[in-house]
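See structure below.
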Amino acid sequence: MQLWKGRFQKALSKTTNDFNSSISFDSRMYREDIEGSIAHSKMLGECGIITKEDAEKIGEGLRAILADIESGRLAIDPEAEDIHTFIEGELTARLGDTGKRLHTARSRNDQVAVDIKLYLKKQCDEVSKLVEKLLQVICVRAEEHAETIMPGYTHLQRAQPITFGHHLLAYGEMFARDLQRLSDCKKRMDVMPLGSGALAGTTYPIDRTITASLLDFGGITENSLDGVSDRDYCIELAGALSIIMVHLSRFSEEIIMWCSWEFKFVELDDAFSTGSSIMPQKKNPDIAELVRGKSGRVFGDLMGLLTVMKGIPLAYNKDMQEDKEAVFDAIDTVKMCLTAFTPMLDTMKVIPQNMRKAAAGGFINATDCADYLVKKGLPFRDAYKATGELVALCIEKGLTLETLPLEEYKKICDIFDEGVYEAIGLEKCAYERRSQGGPCPDNVRKNAERLKASLNK
Ligand code: ARG
């Protein structure tokens, strides 16, 4: 059924109808559509645009439709043009002329905009909850490994010793920012477009403050053209979701590396790994790989939205119907990834002795060796040069800074004494990095506490 058939002599062809229809993906907004219509009809009644009785009947009719959809008594018609058409059509089938009054002073253009905003506001909360769960697990695991030594890397080359807890909390900071981004996004979304009409508002004496308060919006859009043609909130949310995927993907990449025999820093629980159909020895980190791979979909959704919006003139254009699949897919994908990733991290077995072993190779205490000389009065550049020569000497002799005899140290720089061995001990190197934001165990514990406290606000 089309709502606009008066002007037309022919029905749409089946293929055109299928092409034009959005019901297969916008039916998920049936609740929001009904909620928006109930508020709109109530406002129409209160403003005397329709009678109070009609408003009452429309409200009841819409609530009955909602109950029937939820209970499965009413199936959503896949042939309908969109969810708005379907619900209005059903209301009219049930109430006759009264149902036909619902769309007074409204257009599908402001209707769809308000539906999407209502839906996305809820989704911001749902995604946030999943991110919060992940952040909670990150904090717990970080506290557990506040003292676990691991090599920190730059260029994927062993660089300086850190704690595993500190490494995990780097992701904690990222996801904490993601939570802020989702909440900012929701704030900007919280402005009601209903009442913008098709594009130019309406001559009816509507009161938008009534609908805004019924629908729990914090504000009301101030330009009707913008009200119906703005999709910044879809783009912004897809952007925030894309950044979440960047973080999940980087984390996944590290977990995948850590699972390899080359690292073996961690082992995933059997429940989160898969085997190979041919290689009996294999235990593959498929979940982490899939999360990494699915980031591509979400970035694609963001690019799709940007591209749909960039060239369309004001105000509404049908191109904008493409907004929904993209933003819904981004939401679904991120929720799925978070749901899979969090328990995988929670159950991941950490192998501290392998981290320790890796930290002991690769001269990651060379900076501390140089710092030791600096503390004894040598300028940093000279200390750096002397330590570089020591590293070269160790490589030549197949030794490490820990195993190089003191007389060799003294040959390169006579300031060295026995104290150097304590200064370059890995625990000392990591635990003494107490500068604000550094990897020492106290900082890890303090920051995990802070991040957890931020979750309870
Ligand atoms: N299904 C449409 C969409 O999602 C609803 C708005 C239709 N408006 C119109 N003028 N054709 O964008």
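Quick look at the numbers
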read-out: Nearest-ten-degree value, helix 232-259 long axis tilted from longest Cα axis of the chain; value: 30
read-out: Approximate shape of region 1-132 as ellipsoid semi-axes (Cα gyration tensor, √5λ), whole Å, largest first; value: 24, 22, 14
read-out: Region 224-280, Cα convex hull volume normalised per residue, Å³; value: 130
read-out: Kirkwood hydrodynamic radius of region 142-206, Cα pairs, Å; value: 16.1
read-out: For the chain, calculated [θ]222 nm from helices alone, where every DSSP H run of n ≥ 4 adds -39500 (n - 2.57); value: -20500 deg cm²/dmol
read-out: Geometric extent, Cα atoms of the chain - Rg, Dmax (angstrom); value: 30.5, 101
read-out: Long-range tail of P(r) for region 209-317 (Cα pairs > 19 Å, %); value: 63
read-out: Distance from region 381-457 to region 49-82 (C-alpha centre basis), Å; value: 69
read-out: Likely footprinting exposure, Asp33, Asp368, fewest C-beta neighbours within 10 Å first; value: Asp368, Asp33
read-out: Rounded tilt (10° steps) of 366-375 against the dominant C-alpha axis of the chain; value: 70
read-out: Spatially proximal aspartates and glutamates relative to Lys452 (Cα-Cα < 17 Å; intrachain offsets below 8 disregarded); value: Glu132, Glu143, Glu144, Glu173, Asp178, Asp346, Asp442
read-out: Computed magnitude of the charge dipole of region 294-439 (debye, nearest 20; Cβ of K, R +1, Cβ of D, E -1); value: 200
read-out: Along principal axes, Cα extents of region 264-317, largest first, whole Å; value: 59, 25, 16
read-out: Likely footprinting exposure, Thr209, Thr154, Thr148, fewest C-beta neighbours within 10 Å first; value: Thr154, Thr209, Thr148
read-out: Mean separation of Cα contacts under 8 Å (6+ apart) over length of region 143-225, as relative contact order %; value: 21
read-out: Region 161-242: equivalent-ellipsoid semi-axes (sqrt of 5 x gyration tensor eigenvalues, Cα, Å); value: 40, 13, 6
read-out: Computed magnitude of the charge dipole of region 269-354 (debye, nearest 20; Cβ of K, R +1, Cβ of D, E -1); value: 200
read-out: Furthest towards positive pole of dipole, His166, Leu102, Ile149, structure part the chain, Cβ charges; value: Leu102
read-out: Cα extents of region 91-240 along the three principal axes, largest first (Å); value: 74, 30, 24
read-out: Translational D in µm²/s for region 340-457 (Stokes-Einstein at 37 °C, 0.692 mPa s, Kirkwood Rh from C-alpha pairs); value: 198
read-out: Residues Tyr119, Tyr421 arranged by fewest to most Cβ contacts within 10 Å; value: Tyr421, Tyr119
read-out: Too-long pairs where the Cα-Cα distance tops 28 Å, listed order kept, from Lys129/Lys349; Lys14/Lys42; Lys122/Lys294; Lys100/Lys186; value: Lys14/Lys42; Lys100/Lys186
read-out: At 1.567 mPa s and 4 °C, Stokes diffusion of region 23-67 via Kirkwood alpha-carbon radius, µm² per second; value: 119
read-out: For region 337-354, 3J(HN,Hα) per residue [Karplus equation, 6.51 cos²θ - 1.76 cosθ + 1.60, θ = phi - 60°, Hz, x = Gly/Pro]; value: 5, 5, 5, 7, 6, 4, x, 5, 5, 4, 9, 5, 8, 9, 10, x, 5, 6
read-out: Separation of alpha-carbon centers, region 279-293 and region 185-207, rounded to whole Å; value: 48
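All of the numbers you see were taken from the coordinates with simple rules; none came from a lab. Every value quoted in this text rests on a predicted model; they were computed, and no experiment measured them. We place every Cβ from the backbone using ideal geometry, glycine too, and count neighbours over all the protein chains shown.
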